[in-house]
Amino acid sequence: MEPTDLNPLSRDDERLSAILREAQPAIADDGFSTRVLAALPPPKNSALPLLSRPFACAIGTLVGIAVAWNHGVFSASFTSAFAELRASVSTSLATNADMPAGPGLALALVATAASLFYAFGFTSARVRRP
Amino acid sequence: VTPSDSELIARVLASDDRAAFGELVQRHQSSVRQFLRYLTRGDVATADDLAQETFVHAYRSLARFRGDASFSTWLLGIGRNYWRNAQRRDLRRDQLVEPMRGTVSPTATHSADLRHDLTLALRELTTDERLAIHLGYQEGKSHSEIAALLDWPLGTVKTHLARAKEKLRHLLAAWNPQI
């Protein structure tokens, strides 16, 4: 029975192979491998989870506090001004609990809620792996 | 010592070694891209896109590679599946590059001329014959590997190879009358 897998090359076959290989040399990589590696999914066990949004927000907050501290934001005058603002907001909320105290406060609350939702809203579902 | 394909695959699976996978891509990119260029009838851009998808798929499913066939045969099988899917998505693709009919110069003497004549000669073959010749004589695949790769009966592989060789023998007689 004729072997089918061994595929023994006759001299004619070898000549044909030689001609084909000579006429059609290997394709140069030319950055193909690099493109493939760039298209691969991100590594599983990398530091990427640490760069998730909550982590980035926490880092940003700490950096912001450090910068503010460096510029004297937490000086006595600022602290007292902040206390006055807080008292004013508390008073407004206490006297008119159903409505925000003016458009500025409403805008601030909406911005805060949006920021918190952006930072933490989708994160747990997005990071979870199957 | 150059690591074998199996060793590189083991490194990718064990520690997600991207450099090892890059080495595998570099080793086999020419074979996969050439194969897909045959399937797409010379549509280089489409072939390279499919080749990239092939390697990304191979990376994702590397754990399922059992080593029954060689790694290159496994890759070519993935490439063929992507080509088929692309054909289904766009049936016109098969008609984009019609094979050109040409005559072979019997007086050509240089390598570039050989390349040119062979290109013309290959265009005289049917797509199946070209594939069989490419896999059998350029990639060195066995008849049974070609049969498995292209879902052809073994007899069909032999028939295509015999017909292709006969045509090439005639078309390339000027280069080597003994073929």
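Miscellaneous remarks
Here is a yes/no grid of residues against (1) out of contact with any Leu (no Cβ under 8 Å at 6 or more places or on another chain); (2) of a type outside the set (A, V, I, L, M); (3) buried (at least 18 other Cβ atoms within 10 Å of the Cβ):
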{"residue": "B:ASP16", "(1), (2), (3)": "yes, yes, no"}
{"residue": "B:ALA20", "(1), (2), (3)": "no, no, yes"}
{"residue": "B:GLU23", "(1), (2), (3)": "no, yes, yes"}
{"residue": "B:ARG33", "(1), (2), (3)": "yes, yes, yes"}
{"residue": "B:TYR38", "(1), (2), (3)": "no, yes, yes"}
{"residue": "B:ARG41", "(1), (2), (3)": "no, yes, yes"}
{"residue": "B:ALA45", "(1), (2), (3)": "yes, no, no"}
{"residue": "B:GLN52", "(1), (2), (3)": "yes, yes, yes"}
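- Residue within the range A:30-41 that is at pLDDT 70 or above, within 30 Å of B:ASP49 (Cα to Cα) and among the hydroxyl-bearing types (Ser, Thr, Tyr) present: yes
- Residues (free of Cβ contacts under 8 Å to residues at least 12 places away in the same chain and among the β-branched types (Val, Ile, Thr)) located in the range B:6-44: B:VAL44
- Close pairs from the range B:73-89: first hydroxyl-bearing (Ser, Thr, Tyr), partner in a helix (DSSP H, G or I) and modelled with pLDDT of 90 or more, Cβ under 7 Å, at least 6 apart: B:THR73/B:GLU145; B:TYR82/B:LEU50; B:TYR82/B:GLU53; B:TYR82/B:THR54
- Close pairs (9 angstrom Cβ cut-off, 6 or more residues apart or separate chains): on the phi > 0 side of the Ramachandran plot and more than 7 Å from chain B (Cβ to nearest Cβ) in the range A:16-42, surrounded by 16 or more Cβ atoms within 10 Å (Cβ to Cβ) and assigned to a helix (DSSP H, G or I) anywhere: none
- Checked against (1) surrounded by 20 or more Cβ atoms within 10 Å (Cβ to Cβ); (2) modelled with pLDDT under 90; (3) within 14 Å of chain A (Cβ to nearest Cβ), B:ALA69 passes all but condition (1).
- One residue from A:ALA66, A:ALA81 being part of a helix (DSSP H, G or I), modelled with pLDDT under 80 and surrounded by fewer than 12 Cβ atoms within 10 Å (Cβ to Cβ): A:ALA81
The values are calculated or read from the model by the stated rules, or taken from the named source; none is laboratory data. Just so you know, these numbers come straight off a predicted model, no measurement behind them. Using ideal geometry, Cβ is built from the backbone for each residue, glycine included, and neighbour counts are taken over all protein chains shown.
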